[in-house]
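> This structure is in structure tokens; I'll ask about it shortly.
The values are calculated or read from the model by the stated rules, or taken from the named source; none is laboratory data. What you are looking at is a predicted structure, and each value in this text was computed from that prediction instead of being measured. In this analysis, Cβ positions are derived from the backbone assuming ideal geometry, glycine residues included, and neighbour counts consider all displayed protein chains. Just the protein is used for accessible areas: all its heavy atoms, side chains included, with ligands, DNA and RNA removed. Shrake-Rupley method; radii C 1.70, N 1.55, O 1.52, S 1.80 Å.
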Amino acid sequence: KMFDWTGKNVVFAGGFSGIGYQMMHQLMQREKLKTLGIVHRMENAEMLKKLQAENPSVKVVFMQMNLMDKASIEQTMQKMGQLMGNIDVLVNCEDVLLDKDVATTIGINLVSRQAHKHLFAAQILNTASTSLQSSLIYVTMMAMPYMDKTQMGLGGMVMNMSSVYGLEPAPAFAVYAAAKHGVVGFTRSMADKQIYQKTGVMFMAVCPGLTNTEMMMNLRDNVTWHHSEQLVEAIESAKRQMPDEAAMQMIKAVEMMKNGSMWIVDKGQLKEAMPQMHWQM
């Protein structure tokens, strides 16, 4: 059965650019949606107006949230949960290399706490990418009381955005790959059948391939270390999908309603990634 968006409350953690914005735009095409709640560190009033105009019957709500601050995440998710009553779908769509501002902001905050100021931009960015992934975990856990049917929720669906580098190595961006592998591990663990039977909350991960976003503009400055020039060249010259193509397939993946699934969204196509079991208890 396909997912029915009628009367659903969706919380979207992500920005107003790239795949994220395109996903929000796609969600607004689901006529019977009830609320789209957006949490992000920066408001974009113009984009919000545009989104709202696409479908006046859906209530669009924006709340500012500092992803680097656990207390801010907790307060925002609580406010959003109370406003909606329950959260049906949570979309974690933050991606550190998609947005230079996030990286710089975190970079500045991190460096100010470091003993030596001369950190590589790469190290700053990579720390940023790991802290963003931990924010994905906080956002999820803070949303749970409003999703879990043993609490205030009715069950639902969490979609986490990983990357093809959450499934495969990324020698040029090793720490990014580590963070994205973390998202896959978290998602699959949360999708455990026994837990799902209690909570009614499904978990799934989407892994976009190379996509034409701002993230692709400054790859050279973000490498883990300097031995990866050729790898970066290969990535830069490879064919990419457009953010709207990726977003469309990601929504389709959500609509499949398959708990614990991982979906590769590459070149505008959707393909399920089947996990290999290496070990069992």
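> Which order do the peptides 87-93, 17-23 come out in when sorted by mean C-beta neighbours inside 10 angstrom, highest first? Provide the component values of the computation, followed by the final result.
Numbers: 87-93: 25.4, 17-23: 23.3.
Result, highest mean Cβ count within 10 Å first: 87-93, 17-23.
> Compute the normalised compactness of segment 126-212: alpha-carbon radius of gyration over 2.2 N^0.38 Å, N being the residue count. Present the calculation step by step, with values, prior to reporting the outcome.
Details: Rg = 14.0 Å, N = 87, 2.2 N^0.38 = 12.0 Å.
Taking N as the residue count of segment 126-212, the ratio is 1.17.
> How far is helix 174-190 tilted off the main Cα axis of the chain, in degrees rounded to 10, range 0 to 90?
Orientation of helix 174-190: about 20 degrees from the principal axis.
> For segment 173-281, what is the relative contact order in percent, using Cα pairs closer than 8 Å and at least 6 residues apart in sequence?
Working: 120 pairs, mean separation 35.1, N = 109.
About 32 percent, as a whole number.
> While we're here: Using helices alone, I'd like the mean residue ellipticity at 222 nm for the chain: each DSSP H run of four-plus residues gives -39500 (n - 2.57), total over residue count, nearest 500.
Working: 9 runs with 119 residues, N = 281.
So the calculated ellipticity at 222 nm is -13500 deg cm²/dmol.
> In whole percent, and with a 1.4 Å probe on the protein chains, what portion of the accessible area of segment 152-272 is carbon and sulfur?
Its accessible area is 58 percent carbon and sulfur atoms.
> Taking every DSSP beta bridge with both residues inside the chain, roughly what % is antiparallel (nearest 5)?
On the way: 4 of 34 bridges.
Of the beta bridges lying entirely in the chain, close to 10 percent run antiparallel.
> Considering all alpha-carbon pairs of segment 30-86, what whole percent are spaced by more than 15 angstrom?
Values: 827 of 1596 pairs.
Tail of P(r) above 15 Å: 52 percent of Cα pairs.
> What pairs from LYS79/LYS149; LYS180/LYS267; LYS59/LYS267; LYS239/LYS271; LYS149/LYS271 go past 25 Å between their alpha carbons?
Details: LYS79/LYS149 19 Å; LYS180/LYS267 19 Å; LYS59/LYS267 32 Å; LYS239/LYS271 17 Å; LYS149/LYS271 30 Å.
LYS59/LYS267; LYS149/LYS271, as the Cα separations exceed 25 Å there.
> Stick to Cα atoms and the Kirkwood definition of Rh, then tell me Rg/Rh for segment 158-254.
Details: Rg = 15.5 Å, Rh = 14.8 Å.
Ratio of gyration radius to Kirkwood radius for segment 158-254: 1.05.
> Gain in length, LYS239 to GLN151, computed as 0.36 nm per residue apart minus the alpha-carbon separation, to one decimal in nm?
Numbers: separation 88, 0.36 × 88 = 31.68 nm, distance 4.55 nm.
Stretched out fully, the LYS239 to GLN151 stretch lengthens by 27.1 nm.
> Same structure again: How much of the accessible area of segment 35-80, in percent, comes from carbon and sulfur atoms when a 1.4 Å probe is used? Please report the intermediate quantities before stating the final value.
Details: 1200 of 2450 Å².
Carbon-and-sulfur percentage of accessible area, whole number: 49.
> Relative contact order of segment 129-218: what whole-number percent is it, with Cα pairs under 8 angstrom and at least 6 residues apart?
Working: 121 pairs, mean separation 31.0, N = 90.
Relative contact order, segment 129-218: 34 percent.
> Taking the solvent-accessible surface of protein heavy atoms with a 1.4 Å probe, what is the per residue accessible area of segment 137-281 in Å²? Kindly include the intermediate steps, with their values, before the conclusion.
Values: 7410 Å² over 145 residues.
Dividing the accessible area of segment 137-281 by its residue count gives 51 Å².
> Now, a different point. When only alpha-carbon atoms count, how far does the chain stretch along each of its three principal axes, as whole angstroms with the largest first?
Between the extreme Cα coordinates on each principal axis of the chain lie 51, 43, 36 Å.
> If you line up the long axis of helix 70-84 against the longest principal axis of the chain, both from Cα atoms, how many degrees apart are they, to the nearest 10?
Taking the Cα atoms of the chain, the angle to 70-84 is about 30 degrees.
> Follow-up. Using alpha-carbon pairs under 8 Å, 6+ residues apart, how would you state the relative contact order of the chain in percent?
Numbers: 544 pairs, mean separation 52.8, N = 281.
Dividing the mean separation by the residue count of the chain yields 19 percent.
> Express in nm, to one decimal, how much length is gained between ASP221 and GLN194 on full extension, taking 0.36 nm for each residue of separation and deducting their alpha carbon distance. Provide the component values of the computation, followed by the final result.
On the way: separation 27, 0.36 × 27 = 9.72 nm, distance 4.39 nm.
Result for the pair: 5.3 nm of gain on full extension.
> Then there's this: Report, to the nearest 10°, how far helix 121-143 tilts away from the longest principal axis of the Cα atoms in the chain, using its own Cα long axis and a range of 0 to 90°.
Between the helix axis and the principal axis of the chain, the angle is about 10 degrees.
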